[in-house]
Every structure is written in C-alpha cells, then in structure tokens.
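The next block holds one structure in the form of structure tokens; read it before the comments.
None of the figures in this text is laboratory data; all of them are computed from the coordinates on show. Since we're looking at a predicted model, the values are computed, not measured. Here the Cβ positions follow ideal geometry from the backbone for every residue, glycine too, while neighbour counts run over all protein chains shown.
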Amino acid sequence: MKKIRTLVVDDSPTMRIVIKRVLSADPEIEVVGAAADPIEAREAIKTLNPDVITLDVEMPKMTGLEFLEKIMRLRPMPVIMVSTLTQAGAAISLEALELGAFDCVGKPDFDGLPDKVRAAARARVRPAGDRGAIARQTGYRPSNKLLAIGSSTGGVEALLTVLQSFPENCPATVITQHMPPTFTASFAARLDRVCAPKVQEATDGAPILPGHVYIAPGGEQHLVVQGGMQPRCQLREGPPISGHRPSVDALFTSVAEIYGRRAVGVILTGMGRDGAQGLKKMRDAGAATLGQDEASCVVYGMPKSAFEIGAVERQVTLTSIGQAALELCAVELRGAA
C-alpha cells in the first residue's frame, strides 16, 4: 500500500517531533519531511511533493494563513491547520477553513490527527475562491417550513456558499456543523457578517423564526427542535450520537418528529455517517431531502451514506443546493406550502 507522504510545518522543534511521532505511528502515513517556517516549507514541497501538509498557524517570516493562501492559489493540496483551540485561535482557524484548509486540529491533543491526514489524502481540493458566482435570491416568500442542514469536514466553505445565497427573509433554518466548542460562536458571527439573514449560535429556548439561522453550539449538548405553539431550539445534554456531539442525527430526528412534511433536510460534505439515519426519518415523515453531490464535496462521506440508505431524494451540486432548498421552502403559487 502506498503510504501518505506528509510534510510537517511548525516553528517549534518540540511540536515537529511530537507531530512526527504521532503520524509515524500510523502504518499508512510516512512523514517525509519537516520545516520550521513557510520559506523552508516552500522548498520542501517542491523537493518532496507531499500528499498532505500539517501547517502551524503562528510562524515567523510568514503566517500560516498567508502561506495557506499561496498554497491554495498556486498549488492546491490538502492542508491541515494546527493551532490552539482558543477563542482567538478559532477565528484564525475559521479563516483558514474558508481559504481551503481541509481541517484544523488543536495543540497539544493530536489523537485524531492521523485520521484527518488519511481523510485529507482522499479529499477533493479546489483552488481558493473556486466556489463560483453566488446569486442571492430576490423577491422570496418563505412558507412555514423549517430547513435543517447537517455538515462536517468541508462544511465551513459549503455553508458559506449556501447561506450567502439566502435572502434576508429566508426560511427558519437550523444547522449542525461538527465543530469544537470554541469555534461555533466565531463561526456564527462570521456568517452573520457576510450573509443577509440573522445568523446566531443557538441558545436554549430561542424561538425558531423565519429570517433566522441557528448554529448548534459545540460542546456537551445536541441541538434539537422543541415543539409547541412556538417551536424553539433546545440544547439537550447527552452522550455522542453517531459518534458526534452535537450530532446531525439528533437534529434531523427531532425535526422529523416535530415538523414532519413541513420540513426540508439538507446534508452537506463530511466524513462518516452522521445525519444519514436522521435524514431518512425526515424523508419517511414526508419531508423533502437534498444531498450534496459527490463532485462538489470535499469529503463525500455523510451525503453518500445518506444516499445509499434512501434518505436523499435528490443530489445537487454545492452551488445549486441553496437555491434548491429555498424553492422547497417557498410559498407555492397556489397558496402556502
């Protein structure tokens, strides 16, 4: 089996040793080199032709973000950012994900790094800014349907693409994106700045309203929908579901139970199977369901799992899936949906 050739870029000699040790313990990964800064890394990339790069965020001579931008513009390849999972680090890491980084890991916990390197080696990498033109819907009339979206690896870029096409009066939207606790508030704030609807990190008891997008907070709870005269967000503590917390399956299952056919489910790029069973429950309850197609996914894992069990009614490319979801949530010409 051909090993995954990996280059480690970090200004700390200790971190380079630690990361190399963690990765080298995996029989599928070969660390072919290490670099202390982007200047060394640039030459190493030319010489070693790695399959995957791990890249520190804070480095001398050139920041990790500056170097990432150059990589994704000039020689697109899978890059995993390494940073401290602090609030400040979250904002920088999110910017890296927008620029095209495959994923982020936090110092000093590298337990999941080999899994991410293996997944990154199989990922589809596109040049920076290759999302295509994003047209925002005009003259939109939302119905009373709820839109539920699930995503994971590659989801930051995907959600930006989808939500930037939404009008200010978009359908009420709930989202679970696999993300560390310190990331979700920054992510919601970033989306709120660049998108027309109001985007916020979901809070327990928040009313679910049109024109609002609610992002599941990372941490020890799941975002679910609570019924009643006024449906609300509920943050429910509990163990991981489908290997994740928050879980897309938890969200989709609650939407199926509360909204039934008055909902639309969308599953976007991501590793694993989370969301497949929940989306199937939504479809069985009468909801329309969409899945991101393989060609436009960074990782065709979650959408593939959902498609294979019959949970996805229609597969759509990333640049079209937002418009497709809006149409399914719109008031029909002959009356309310």
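In debye, nearest 20, what is the charge dipole magnitude of region 1-128 about its Cα centre with +1 on Lys and Arg Cβ and -1 on Asp and Glu Cβ, if you could check?
Dipole about the Cα centre, nearest 20: 560 debye.
Which of K70/K281; K70/K280; K20/K281; K61/K304; K20/K61 have a Cα-Cα distance over 32 Å?
K70/K281; K70/K280; K20/K281; K61/K304
Taking H placed 1.01 Å from N in the peptide plane, check which residues at least 5 places from N144 or on another chain put their amide H under 5 Å from its amide H.
Here the answer is A337, since their amide H atoms fall under 5 Å of that of N144.
Report the full-extension gain for the segment T319 to R126: residue separation times 0.36 nm, less the Cα-Cα distance, to one decimal in nm.
Difference between extended and current length: 68.1 nm.
For the pair N144 and A25, how long in nm is the line joining their label points, each one 7 Å along Cα→Cβ?
Taking the simple label geometry, N144 and A25 are separated by 5.5 nm.
Whole-Hz Karplus ³J(HN,Hα) for region 30-46, in order, using 6.51 cos²θ - 1.76 cosθ + 1.60 and θ = phi - 60°, x for Gly and Pro?
My calculation for region 30-46 gives 10, 7, 8, x, 9, 9, 8, 7, x, 5, 5, 5, 4, 5, 5, 5, 5 Hz in order.
Order of E332, E294 from fewest to most other C-beta atoms within 10 Å? Let's see the in-between values first.
Working: E332 10, E294 15.
Listing E332, E294 from fewest to most nearby Cβ atoms yields E332, E294.
Give the residue from S83, N49, L65 lying farthest towards the positive end of the charge dipole for region 1-97; charges sit on Cβ (+1 for Lys and Arg, -1 for Asp and Glu) and the dipole is referred to the Cα centre.
The residue sitting farthest along the positive end of the dipole is N49.
By how many degrees, between 0 and 90 and to the nearest 10, does the Cα long axis of helix 113-122 differ from the longest principal axis of the chain?
Approximately 80 degrees, to the nearest ten.
Based on other C-beta atoms within 10 Å, arrange Y140, Y300 from fewest to most.
Going from sparsest to densest Cβ surroundings: Y140, Y300.
Taking 7 Å along the Cα-to-C-beta vector as the label spot, tell me the N169-S12 distance in nanometres, rounded to one decimal.
5.2 nm
For region 12-61 and region 174-205, compute the distance between their C-alpha centroids and round to whole Å.
32 Å
Using unit Cβ charges (K, R positive; D, E negative) and no other charged atoms, how large, in debye to the nearest 20, is the dipole of the chain about its Cα centre?
740 debye
Expressed in nm to one decimal, what extension gain is obtained for the pair E294 and K3 from 0.36 nm per residue of sequence separation less their Cα-Cα distance? Kindly include the intermediate steps, with their values, before the conclusion.
Numbers: separation 291, 0.36 × 291 = 104.76 nm, distance 2.44 nm.
Stretched out fully, the E294 to K3 stretch lengthens by 102.3 nm.
Please state the shape class of region 146-328: rounded when a/c is under 1.5, otherwise prolate if a/b exceeds b/c and oblate if not, all from the C-alpha gyration tensor.
Note, shape of region 146-328 comes out rounded.
If amide hydrogens are placed 1.01 Å from N in the peptide plane, which non-local residues have theirs closer than 5 Å to the one on E30?
The answer is I4, R5, T6.
Between D115 and E43, what FRET efficiency comes out of the Förster formula 1/(1 + (r/R0)^6) with R0 = 30 Å and r the beta carbon distance, rounded to 0.05?
0.55
What translational diffusion coefficient, in µm²/s and rounded to a whole number, does the Stokes-Einstein relation yield for the chain at 4 °C and a viscosity of 1.567 mPa s, taking the hydrodynamic radius as the Kirkwood radius over Cα pairs?
Diffusion coefficient, whole number: 64 µm²/s.
Using the Cα gyration tensor of region 4-122, with a ≥ b ≥ c the square roots of its eigenvalues, what is the shape: rounded (a/c below 1.5), prolate (a/b larger than b/c) or oblate (neither)? Intermediate values should be presented prior to the final figure.
Working: a/c = 1.29, a/b = 1.10, b/c = 1.18.
Note, shape of region 4-122 comes out rounded.
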